[in-house]
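The values are calculated or read from the model by the stated rules, or taken from the named source; none is laboratory data. The model shown is predicted, which means the values in this text are computed figures rather than measured ones. All Cβ positions, glycine included, derive from the backbone under ideal geometry; neighbour counts span all protein chains shown.
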Amino acid sequence: MRILKSEIVVEIAGALRHEPPKMSTGSTEPRAIFDLANECLGLGLSPQLTKPELARGIVEAAGYPWNADYESRGGTVTLPGLVAVRDAVRLFVGSGPSPKVDEDSTKVDHRPIPQYVPPHPGASSKAVSRRMTNARRRDTAPEVALRREIHALGFRYRVAYPIPGQRRRTVDLAFTRCRVAVFVDGCFWHGCPEHGTNPQQNSEWWLQKFRANRTRDLDTNRILDELGWTVVRVWEHEDPKVAAALVGASIDAARLRLAHD
């Protein structure tokens, strides 16, 4: 029995809990399916990429290899390539097998697998919707308080510093000369063990959201560590003076390390 590209597209969309995009005439797969997977999985792949490049990014992000026969010379993704994308999406959403590891390979990929978060089912009330919409993503009161204390210690920093190679990720406070990255994690959004809560409304969605946030944090730590940065994370509830002292100690240690390199 012959498998059609349109059937695989429907399966990918179904795994993402979305309606499948419209298929054009012929066997060309719609670009919209790759854009949808990129958005739903939070991979942050550039929208400027071609269809094969997007497909490759999705497949490799899941830990699967990208084979030469997954794309054609005409700039399309072949049926085996589309199946590989489907398997990658299924892995992200928890319904697919883990990628096979080459037993002869000495390389181990420690990247946390991004967690799938379905579309938000909608706020439980207009008041909640307004509160979430107006929630600050930067320049929060805890961030500003920490900046003030760090500045008083004589340190200078950059705010919302872009992480190299990560279009949608930034460092809250970056000390670029000694490569120290500081994050002020919100208790609600990052799952504080002391003050983290799980809303009663849409609780399953929030559990997935918090899990994805923590996985993203781990992946950000890994990326910065591989780039030679020291990562410092403090909770928003921590005393800013104590947190500033921790940051200062980390900066001194990083400077000492760099001086001996």
field: Within segment 138-170, tally of residues that are more than 17 Å from the chain's Cα centre (by Cα), at pLDDT 90 or above and not acidic (Asp, Glu)
entry: 18
- request: Need at least 3 residues that are within 26 Å of the chain's Cα centre (by Cα), in contact (Cβ under 8 Å) with a residue 60 or more places away in the chain and not assigned by TED's automatic domain parsing to the domain that holds Gln208 per element, so show me which helices (runs of 4 or more DSSP H) inside segment 1-80 make the cut, counting only ones lying wholly within it.
  value: 5-15
query: When both residues are 6+ apart or on different chains and their Cβ atoms are under 8 Å apart, which pairs have a first residue that lies in segment 151-162 and is assigned by TED's automatic domain parsing to the domain that holds Val247, and a second that is basic (Lys, Arg) and exposed (fewer than 12 other Cβ atoms within 10 Å of the Cβ)?
result: Val159/Arg138; Ala160/Arg138
- prompt: Going through segment 215-235 one residue at a time, which ones are more than 19 Å from Arg257 (Cβ to Cβ) and in contact with a Leu (Cβ under 9 Å, 6 or more places away or on another chain)?
  reply: Val234
Condition check for Arg56: of a type in the set (Lys, Arg), under 26 Å from Lys209 (Cβ atoms) and out of contact with any Leu (no Cβ under 8 Å at 6 or more places or on another chain): no
- request: Spot the failing condition for Trp206; the list is (1) closer than 17 Å to Glu236 by Cα; (2) crowded, with 17+ Cβ neighbours inside 10 Å, and only one is missed.
  value: (1)
message: So for segment 65-85 (the condition being touching a Lys or Arg at 6+ places or on another chain (Cβ under 6 Å), more than 22 Å from Val10 (Cβ to Cβ) and not acidic (Asp, Glu)), does at least one residue qualify?
response: yes
message: Looking only at segment 4-25, filter to residues that are exposed (fewer than 11 other Cβ atoms within 10 Å of the Cβ) and of a type outside the set (Ser, Thr, Tyr); which one of those is modelled with the highest pLDDT?
response: Glu19
